[in-house]
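J.: Quick one: structure below, then a few questions.
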Amino acid sequence: MRINSKEELQSKKAEIEQNIQNFTCRVLVCSGTGCMASGAQKIYDEMVRLCEGIDGVEIEMQKDIPHVGVIKTGCQGLCELGPLVRIEPYGYQYVHVQEEDCLEIVERTVRLGHPVDRLFYRHGDEICPKPEDIPFLNRQTRIVLENCGKIDAESIDEYIAAGGFSALAKAVTEMTPQDVIDEVTRSGLRGRGGAGFPAGKKWSQVARQAEKTRYVVCNGDEGDPGAFMDGSVMEGDPYKMIEGMIIAAYAVGAENGYIYVRAEYPLSVARLRLAISQAEKYGLLGDHILGSGVNFHLHINRGAGAFVCGEGSALTASIEGKRGMPRVKPPRTVSQGLFAKPTVLNNVETYANVPMIIENGAHWYRSIGPENSPGTKTFSLSGTIRNTGLIEVPMGTKLGDVIFGIGGGIKNDQEFKAVQLGGPSGGCLTKENLDLSLDFDSLKKTGAIIGSGGMVVMDQHTCMVEVARFFMNFTQRESCGKCVPCREGTTRMLEILQRIVEGKGEPEDLDKLLVLADMISSTALCGLGKSAPLPVVSTIRAFRDEYMEHIVDKKCRAKVCDKLKTYVI
């Protein structure tokens, strides 16, 4: 059924809400990539079999089961504890669920409302039955991730019931395109892809171009090792990102948009395709959206895994069918982007913020986080940390609060050594930085960047020289080779780092690395080259003694570098 007006959308919302309320119980099976890798599909299939029967034929025990909805949600956050299952209306959060646990869950919880205590999360000696009882979850502020883990990731109806597309309806019926741009500008929303450029300023630059053919592009190429935030949004709540893109298109007068997703995210691609087809069926995408006369068509492009295609001009070149290589700027994407037309290019998380800003207002958004970096930021926690997973916190949250509060500290009570923030383009922060605010401006002062939000936590058993070599090896391989500083400079830096970890380094190598780093960051063509030296520079500053041990003493204190190991019989 096509939805042709704001009133019809509200009517549809009421109808869906009633249908959901008809379920006596709902089984929410986390079906993000992490839980799927842990066997969540088997859990889902078994719960469907037990609650709904096989091929429509009731099994013996089903006669006493109430009306149950078994759904696939997006990431519920606690990735290390998957597969995860939530049971509503009781609010129980089960962790490490196995296929053999499903029958007990159905018999005790679904049928009788009784908990299965052994499947609850335990914080020390404390049992945590509900998400709000779990420190990892209750210390977050989930805005972008609000629906992830709560609604069916494959149902546009459930997104509508959660208030979805009401911001779009408000924008196209109550606001002019300039009103939308002004609201986003007043909100202070900055791009969440890493650079932190004001979204409203970018949109206004596109809107004022003389060329009337314009595009809206979403960067879902998330290529940082250890980063999975954008992928989780696309898997768990693709509709919110799509709604944000439609609002952006209305604001700048674009009729076509592209979502660029790396091919290594097959689940994201599948759910985006489903979400687009459902939105088109309801008239929320395509021609005459909500009967307003606004037209917007959305297309998906899959990247081939090139890290450099996260850079704007390389990304648009890839969509055009060309080799993904950055170009000299200006002209910038806002004036000559995709197909040489004015283009709004933001990442997944940025677009996912837009509906809530339009619905709740710029003042509401600015009430969260610091003045110059309002709102929240998603992060992925990985490495030697107790609680790995997906989190969202207000900008300005202290680094230590994330690692030791939400993350639970270092595994096995080891000593915290460093965290690599911002992926291979970021830098290492140490225990001296634990009071640092996680926002664009504070991090810039340290020489690090917030990047897309990947956090890789390291303990004292990590060799920081090898960490620098690993990330330099990554960026050197991912360099497109177009500009000499990046192509040759990263190669020379990698050669020096390789010599150092093999015990062949010289004291002057550290000065050579810093000189090369300054040259590359000052003269490289794109962001990949400009930020490639950051992991090396930050580790030399914080862990120079480790470098000197490798060079002078031919020793790796973490016992990681194979060439420096000594075997005693």
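J.: Among the residues of the range 270-288, is any closer than 24 Å to residue 450 by Cβ and either free of Cβ contacts under 8 Å to residues at least 40 places away in the same chain or open to solvent by 10 Å² or more (accessible area, probe 1.4 Å) (or both)?
T.: Checked against the condition, which is being closer than 24 Å to residue 450 by Cβ and either free of Cβ contacts under 8 Å to residues at least 40 places away in the same chain or open to solvent by 10 Å² or more (accessible area, probe 1.4 Å) (or both), the range 270-288 yields no hits at all.
J.: Do the conditions hold for residue 357, that is, is it buried (at least 24 other Cβ atoms within 10 Å of the Cβ) and in a strand (DSSP E or B)?
T.: The answer is no for residue 357.
J.: Now for a different question. Among the numbered criteria (1) without any contact (Cβ under 8 Å) to a residue 60 or more places away in the chain; (2) open to solvent by less than 30 Å² (accessible area, probe 1.4 Å), which one does residue 393 miss?
T.: Here residue 393 meets the rest and fails (1).
J.: Does residue 317 qualify as being open to solvent by 20 Å² or more (accessible area, probe 1.4 Å) and without any contact (Cβ under 8 Å) to a residue 12 or more places away in the chain?
T.: It is false that residue 317 is open to solvent by 20 Å² or more (accessible area, probe 1.4 Å) and without any contact (Cβ under 8 Å) to a residue 12 or more places away in the chain.
J.: Which count do you get for residues in the range 16-44 that are at pLDDT 95 or above and open to solvent by 80 Å² or more (accessible area, probe 1.4 Å)?
T.: Count: 1.
J.: Report yes if some residue within the range 173-182 is among the hydroxyl-bearing types (Ser, Thr, Tyr) and more than 23 Å from residue 374 (Cβ to Cβ); otherwise report no.
T.: Checked the range 173-182: at least one residue is among the hydroxyl-bearing types (Ser, Thr, Tyr) and more than 23 Å from residue 374 (Cβ to Cβ).
J.: Just need a number here: residues in the range 244-269 that are over 17 Å from the mean Cα position of the chain (by Cα) and part of a helix (DSSP H, G or I).
T.: 7
J.: When the residues of the range 426-480 are filtered to those that are among the hydroxyl-bearing types (Ser, Thr, Tyr) and over 20 Å from the mean Cα position of the chain (by Cα), which remaining residue is most open to solvent (accessible area, probe 1.4 Å)?
T.: Ranking the qualifying residues of the range 426-480, first place goes to 446.
J.: Select the helices (runs of 4 or more DSSP H) contained entirely in the range 121-228, then report the ones holding at least 2 residues which are buried (at least 16 other Cβ atoms within 10 Å of the Cβ) and modelled with pLDDT under 95.
T.: 135-138
J.: Find the residue count for the range 380-436, including only residues that are of a type in the set (Gly, Ala, Ser), out of contact with any Leu (no Cβ under 8 Å at 6 or more places or on another chain) and not in a helix (DSSP H, G or I).
T.: So the answer is 4.
The values are calculated or read from the model by the stated rules, or taken from the named source; none is laboratory data. The model shown is predicted, which means the values in this text are computed figures rather than measured ones. Backbone-built Cβ (ideal geometry, glycine too); neighbour counts: all protein chains shown. Each accessible area value is taken on the protein alone, full model and side chains, heavy atoms only, with ligands, DNA and RNA left out. Shrake-Rupley method; radii C 1.70, N 1.55, O 1.52, S 1.80 Å.
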